[in-house]
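Undergrad: Please see the structure below; I have some questions.
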Amino acid sequence: MQRVISSLVAILLSGWGRPALPANDPRDEIAADRTAAGALQLFRDGVALSQEGNFAEALSRFEAARKLSPNWALPYIEIAVAHMMTDNDREAIGRALSEAVRLGAEIPRAHYLYGVYLQESGKRAEALLEFVRALQLRPSLVDARYRLAALYVEEGRQEEGIRQYEYVLQTRPGHAGAIRDLAVLYEQSGQLERAEEQLRKLAEFEPKNARPLFELARFYQRAGLPDKARAALQKAERLEPSPGRRNLRPLPKSKN
């Protein structure tokens, strides 16, 4: 973040968005320096307020920074986030993020957040493109890749969705959502062993949580493996014995 801010100060000092003054006029440099310093301080104040959870006050600082430096992308990103955390003004959020990606095409977070906004607005194709752009800039952006995987599946592109979920787990092996979604996709495509592997992995990652074991037991039921289903169910009930949380039908004894 410090490197990004430093480069942005240099951009601001280059004179974007300022009225022209006579050549070699010392007021030019002085005005630019004051504008850059003032915008940067307001932005930093806003970041500090956001970290304290005071998003309403932070929003006012980011707006002030934007007015001083209208060609600086970072305040637009934080304006959008502050609106998300306060009034959830969808129009203001969309407007700020649209400007953020226009001015900060090299900022992966801008593309990711704009993708989230577009996805939640029902514009899946546009959202997909923004997630792709974010990942081109930063391949390790797990949240963008996870959303991209889900979008591929929603668009009927299951193989691409599977590949993206697998990439998520390479970066973050314990990502519960990716593990569950990948298990479903493997099962739907007939890759039962791989589906079982994911569900067993989830149970190992959450050894004190009964839910993964219940999910594993259901999977074994669907796969026609009653003995494994019963064993998983027994483990789950040792962790969570309440009958009100049990959704499985009683399993018949194995004839083998």
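The values are calculated or read from the model by the stated rules, or taken from the named source; none is laboratory data. Treat the numbers as computed from the prediction; the structure is a model and nothing was measured. Here the Cβ positions follow ideal geometry from the backbone for every residue, glycine too, while neighbour counts run over all protein chains shown.
Undergrad: Being within 25 Å of the chain's Cα centre (by Cα), more than 15 Å from L148 (Cα to Cα) and small (G, A, S) is the filter here; which residues of the range 162-203 pass it?
TA: G174, A176, A183, A195, A203
Undergrad: Of everything in the range 204-217, what is buried (at least 20 other Cβ atoms within 10 Å of the Cβ) and more than 25 Å from the chain's Cα centre (by Cα)? Give them in sequence order.
TA: If the condition is that a residue be buried (at least 20 other Cβ atoms within 10 Å of the Cβ) and more than 25 Å from the chain's Cα centre (by Cα), then A210, L213, F214, L216, A217 are the ones that fit.
Undergrad: Right, next: Which of the residues belonging to the range 110-124 are surrounded by fewer than 24 Cβ atoms within 10 Å (Cβ to Cβ) and without any contact (Cβ under 8 Å) to a residue 24 or more places away in the chain?
TA: Within the range 110-124, L118, E120, G122, K123 meet the criteria.
This table checks each residue for (1) farther than 30 Å from L128 by Cα; (2) assigned by TED's automatic domain parsing to the domain that holds E120; (3) aliphatic (A, V, I, L, M).
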{"position": "E155", "(1), (2), (3)": "no, yes, no"}
{"position": "L182", "(1), (2), (3)": "no, no, yes"}
{"position": "L185", "(1), (2), (3)": "no, no, yes"}
{"position": "S189", "(1), (2), (3)": "no, no, no"}
{"position": "R194", "(1), (2), (3)": "no, no, no"}
{"position": "R222", "(1), (2), (3)": "yes, no, no"}
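Undergrad: Check the range 118-131 and report whether any residue there is touching a His at 6+ places or on another chain (Cβ under 6 Å) and assigned to a helix (DSSP H, G or I).
TA: Yes, because at least one residue in the range 118-131 is touching a His at 6+ places or on another chain (Cβ under 6 Å) and assigned to a helix (DSSP H, G or I).
Undergrad: Continuing with this model, one more query. Mind checking which helices (runs of 4 or more DSSP H) fall wholly inside the range 1-81 and carry at least 3 residues that are modelled with pLDDT under 95?
TA: 2-13, 26-51
Undergrad: Can you find even one residue in the range 96-108 that is assigned by TED's automatic domain parsing to the domain that holds S60, of a type in the set (S, T, Y), assigned to a helix (DSSP H, G or I) and modelled with pLDDT of 95 or more?
TA: Looking for residues that are assigned by TED's automatic domain parsing to the domain that holds S60, of a type in the set (S, T, Y), assigned to a helix (DSSP H, G or I) and modelled with pLDDT of 95 or more, one finds at least one in the range 96-108, hence yes.
Undergrad: Then there's this: Given the criterion free of Cβ contacts under 8 Å to residues at least 40 places away in the same chain and crowded, with 20+ Cβ neighbours inside 10 Å, identify the matching residue among L137, L128.
TA: Numbers: L137 fails: crowded, with 20+ Cβ neighbours inside 10 Å.
Exactly one residue qualifies, and that residue is L128.
Undergrad: Then there is this: Can you say whether L169 is buried (at least 20 other Cβ atoms within 10 Å of the Cβ), free of Cβ contacts under 8 Å to residues at least 24 places away in the same chain, assigned to a helix (DSSP H, G or I) and in contact with a helix residue (DSSP H, G or I) (Cβ under 8 Å, 6 or more places away or on another chain), as far as the supplied structure shows? Walk me through how you get there before you give the answer.
TA: Numbers: buried (at least 20 other Cβ atoms within 10 Å of the Cβ): no; free of Cβ contacts under 8 Å to residues at least 24 places away in the same chain: yes; assigned to a helix (DSSP H, G or I): yes; in contact with a helix residue (DSSP H, G or I) (Cβ under 8 Å, 6 or more places away or on another chain): yes.
So L169 fails the test.
Undergrad: What do you reckon, is E120 in the same structural domain as Y152 (by TED's automatic domain parsing), out of contact with any Ser or Thr (no Cβ under 6 Å at 6 or more places or on another chain), under 16 Å from R145 (Cβ atoms) and of a type outside the set (A, V, I, L, M, F, W, C)?
TA: Working: in the same structural domain as Y152 (by TED's automatic domain parsing): yes; out of contact with any Ser or Thr (no Cβ under 6 Å at 6 or more places or on another chain): yes; under 16 Å from R145 (Cβ atoms): no; of a type outside the set (A, V, I, L, M, F, W, C): yes.
Answer is no for this residue.
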